[in-house]
Amino acid sequence: MRYDGESPGGILAPPAVRRDGADLFLARLGSPDRPPIKADDVAVVVAHPDDESIGCGAQLERMEDAAVVVVTDGAPRNRVDANGLVSAESYAERRHRELALALALGGIPEAWLVRFGIPDQEAAHHLLDITHRLNALFARRATRVVLTHAYEGGHPDHDAVAFAVHAAARLRRLRGQSIAIVEMPYYAEGPSGRMLQRFSPDPACPELAVRIAGRERTVKARMFAAHRTQQRTLAQFALDVERFRRAPAWDFRLLPNGGRLLYEKQDWGMTGERWLALARDALKQLDLDGTP
């Protein structure tokens, strides 16, 4: 992602923002002209196969040379939602084939895909490993912008990936590499029930809502359809909008979303107390347990 001069519309980014490029990247995403974005220094880091399609499926083909990192294999070891497949391994392979097809439909060659292969629902137990692997990848690719999950208390894998991206970015910052983080909302516990594809308001981090129509909507719908095993889940998500914002400086020593955790209502083996213990221990071992 290389930018010179002004952002679209002639609006100059503030100097402090221009250094990390987040606002300019968001401006390009939101441009009505839909220009291609040179993105050899951009990484899309998501938890599960299909999260890429939900979060930014309509934008992927615009991001030339971006890395797409999928942290888990999408196959819970308790075989929940295994669609009748006989093993977690066969389910994981099925989900990989679906992911490869969805990315191809979105204009992303499989060569740009990086898979970590962490078991689904277990990312929070691998925070150090994920952080170190992202740290190495960000260094190798000279990454400057990362699109990833909001820290929202919806799924523990989502929060684990948000943790690892922010931790890896802090480690790179200690080495002089500035990385801007742009986040995408998925689902969270709202004041009156489940909240889909919505951010909890933060005046300091306004959202960009990109409306999806025409060919872009068709492409996104085809990407959704490629994830055949996930149709019940994907039916909940809108095809006509994708939301982004500069990520706040999350404090992972605290619970997200004011402590309202959707995953405590699910059989995903995670509680707020357990999450905090894992996150705080990882921060300590990474020597990042101070304030953000």
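The values are calculated or read from the model by the stated rules, or taken from the named source; none is laboratory data. In this text, all values refer to a predicted model and were calculated from it rather than measured experimentally. Positions of Cβ are generated from backbone atoms using ideal geometry, with glycine treated the same way; all protein chains shown enter the neighbour counts.
Here are some notes:
- Evaluation of Ala43 against (1) of a type in the set (Gly, Ala, Ser); (2) over 28 Å from His125 (Cβ atoms); (3) part of a strand (DSSP E or B) (one fails), failing number: (2)
- Candidates Ala213, Ala204, filtered to the one that is more than 27 Å from Thr271 (Cβ to Cβ), modelled with pLDDT under 95, among the aliphatic types (A, V, I, L, M) and surrounded by fewer than 16 Cβ atoms within 10 Å (Cβ to Cβ): Ala204
- Test for Ala221: is it of a type in the set (Gly, Ala, Ser), under 30 Å from Glu93 (Cβ atoms) and out of contact with any helix residue (DSSP H, G or I) (no Cβ under 6 Å at 6 or more places or on another chain): yes
- Qualifying residue in segment 242-259 (condition: farther than 19 Å from Leu196 by Cα, touching a helix residue (DSSP H, G or I) at 6+ places or on another chain (Cβ under 7 Å) and of a type in the set (Phe, Trp, Tyr)): yes
- In segment 220-234, the residues that are in contact with an Asp or Glu (Cβ under 7 Å, 6 or more places away or on another chain) and either part of a helix (DSSP H, G or I) or among the acidic types (Asp, Glu) (or both): Ala226, Arg228, Thr229, Gln230, Leu234
- Pairs meeting the criteria (first residue in segment 213-234 and touching a residue at least 60 places away in the same chain (Cβ under 8 Å), second residue among the aromatic types (Phe, Trp, Tyr), beta carbons under 6 Å, at least 6 apart or on different chains) are Leu234/Phe224.
- When Ala225, Ala282, Ala247 are checked against the criterion of being of a type in the set (Gly, Ala, Ser), surrounded by 13 or more Cβ atoms within 10 Å (Cβ to Cβ) and within 18 Å of the chain's Cα centre (by Cα), Ala247 stands alone in meeting it.
- Ile108 being assigned to a loop (DSSP other than H, G, I, E, B) and at negative phi: yes
- Residue in segment 162-180 that is crowded, with 24+ Cβ neighbours inside 10 Å and polar (S, T, N, Q) present: no
- Test set (1) aliphatic (A, V, I, L, M); (2) farther than 13 Å from Pro248 by Cα; (3) touching a residue at least 24 places away in the same chain (Cβ under 8 Å) - Met184 fails condition number: (2)
- Selection status of His132, modelled with pLDDT of 95 or more and surrounded by 17 or more Cβ atoms within 10 Å (Cβ to Cβ): no
- Within segment 185-197, one or more residues are surrounded by fewer than 16 Cβ atoms within 10 Å (Cβ to Cβ), charged (D, E, K, R), assigned to a strand (DSSP E or B) and more than 15 Å from the chain's Cα centre (by Cα).
Per-residue answers, yes or no, for (1) acidic (Asp, Glu); (2) modelled with pLDDT of 95 or more; (3) not in a helix (DSSP H, G or I):
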residue: Leu24; (1), (2), (3): no, no, no
residue: Val69; (1), (2), (3): no, yes, yes
residue: Ala82; (1), (2), (3): no, no, yes
residue: Ala102; (1), (2), (3): no, yes, no
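- Any hit, segment 116-123, residues being surrounded by fewer than 17 Cβ atoms within 10 Å (Cβ to Cβ), assigned to a strand (DSSP E or B), within 18 Å of the chain's Cα centre (by Cα) and not aromatic (Phe, Trp, Tyr): yes
- Residue within segment 126-144 that is in contact (Cβ under 8 Å) with a residue 40 or more places away in the chain, farther than 26 Å from Pro76 by Cα, of a type in the set (Gly, Ala, Ser) and not in a loop (DSSP other than H, G, I, E, B) present: no
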